[in-house]
1. Look through the stretch 135-167, keep the residues that are exposed (fewer than 12 other Cβ atoms within 10 Å of the Cβ) and within 18 Å of PRO117 (Cα to Cα), and return whichever of them is nearest to the chain's Cα centre (by Cα).
2. Just the residues that are out of contact with any Ser or Thr (no Cβ under 8 Å at 6 or more places or on another chain) and more than 20 Å from TRP97 (Cβ to Cβ), please, taken from the stretch 157-170.
3. I need every pair where a residue in the stretch 1-26 that is closer than 16 Å to MET48 by Cβ has its Cβ under 9 Å from the Cβ of a residue that is at pLDDT 80 or above, sequence separation at least 6 or different chains.
4. Restrict the check to the stretch 106-115 and report whether at least one residue is more than 17 Å from ASP190 (Cα to Cα) and either touching a residue at least 60 places away in the same chain (Cβ under 8 Å) or of a type outside the set (Ser, Thr, Tyr) (or both).
5. Give me the residue from the stretch 168-194 that is hydrophobic (A, V, I, L, M, F, W, C) and touching a residue at least 40 places away in the same chain (Cβ under 8 Å) and, out of that set, surrounded by the fewest Cβ atoms within 10 Å (Cβ to Cβ).
6. In the set GLY153, GLY166, which member is at positive phi and out of contact with any strand residue (DSSP E or B) (no Cβ under 6 Å at 6 or more places or on another chain)?
7. Counting just the residues of the stretch 140-194 that are part of a loop (DSSP other than H, G, I, E, B) and of a type in the set (Gly, Ala, Ser), which one comes out farthest from SER41 (Cα to Cα)?
8. Being outside the structural domain of LYS134 (by TED's automatic domain parsing) and at pLDDT 75 or above narrows it down to one residue among GLY113, GLY17, GLY58; which is it?
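The values are calculated or read from the model by the stated rules, or taken from the named source; none is laboratory data. Note that the structure is predicted; figures quoted are calculated from it, not measured. Neighbour counts run over all protein chains shown; Cβ positions are idealised from the backbone, glycine included.
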Amino acid sequence: MDEKVKKMCEMILAQYGEKDTWGKMALHCLGVKKLALSRMSAEKIQSMIQEGMFLFNGTSVMQDLQTELERRNSTTKVKPKAELNREVCNAIAKDTWATLKSVCGRSLMYAWGMFKPFAFAMVGDNGYYRYGIKVQVNGGHFKGQIAIVLDEGKDLYEVITFKRNGEVKEKKTDIYADCLKTTLNVLIEDNPNF
């Protein structure tokens, strides 16, 4: 590391401290503590790049910030080809919840800590909306939100688990209605036997 950059980072740390954004960038630049980029929003990363451009230009912290922003921008979302139909969304959500209650049974759903579903819509790979439910679960293996989405064309379900920041953690596709119980139990409790 360049001696000038090292001195500049030490001065920034002395002036702003470790808790400030500038201080965190200086610590990252010095290699002491990495920035938690996965927890930051794209807007926060963009503002850090703009604010730190004149001080940290050409340093590792700027390269890491720009790489993370490019990575996020490269995962472009599919634009919907049709309008969101709330009536269809609510009808499929009610149907999915009823299917889940009949296949799994209320006692198992309560054991998973699954209650209070809400209607959920997502844009599929083909650009059309897929509808279902999103629900909070509290199992032994997974605690968080799970979406159960109907692929109307195939009449099969997708089960998607989400991280705390809203990103997709795991996705199981092409699930028949009678296999939902086993799939959910493996995801929530990590136990195929019930």
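1. Filtering first and then ranking leaves GLY166.
2. Initial filter on the stretch 157-170 (out of contact with any Ser or Thr (no Cβ under 8 Å at 6 or more places or on another chain)): 160-164, 166-167.
The answer is LYS163, ARG164, GLY166, GLU167.
3. Taking only residues 6 or more apart or on different chains, the pairs are ALA26/GLU10.
4. The initial filter retains those residues of the stretch 106-115 that are more than 17 Å from ASP190 (Cα to Cα), namely 106-107, 115.
Narrowing the set further to residues that are either touching a residue at least 60 places away in the same chain (Cβ under 8 Å) or of a type outside the set (Ser, Thr, Tyr) (or both) leaves 106, 115.
Checked against the condition, which is being more than 17 Å from ASP190 (Cα to Cα) and either touching a residue at least 60 places away in the same chain (Cβ under 8 Å) or of a type outside the set (Ser, Thr, Tyr) (or both), the stretch 106-115 yields at least one hit.
5. Taking the stretch 168-194 and keeping what is hydrophobic (A, V, I, L, M, F, W, C), we get 168, 175, 177, 179-180, 184, 186-188, 194.
Now narrow it down to the ones that are touching a residue at least 40 places away in the same chain (Cβ under 8 Å): 177, 180, 184, 187-188, 194.
Numbers: ALA177: 15, LEU180: 19, LEU184: 27, LEU187: 20, ILE188: 24, PHE194: 13.
Among them, the one singled out is PHE194.
6. Working: GLY153 fails: at positive phi.
Answer to the check: GLY166.
7. Applying the first criterion (part of a loop (DSSP other than H, G, I, E, B)) to the stretch 140-194 yields 140-142, 152-155, 163-167, 176, 190-194.
This time we only want the ones that are of a type in the set (Gly, Ala, Ser), so: 140, 153, 166.
Working: GLY140: 29, GLY153: 35, GLY166: 11 Å.
Ranking the qualifying residues of the stretch 140-194, first place goes to GLY153.
8. Working: GLY113 fails: outside the structural domain of LYS134 (by TED's automatic domain parsing); GLY58 fails: at pLDDT 75 or above.
Unique residue meeting the criteria: GLY17.
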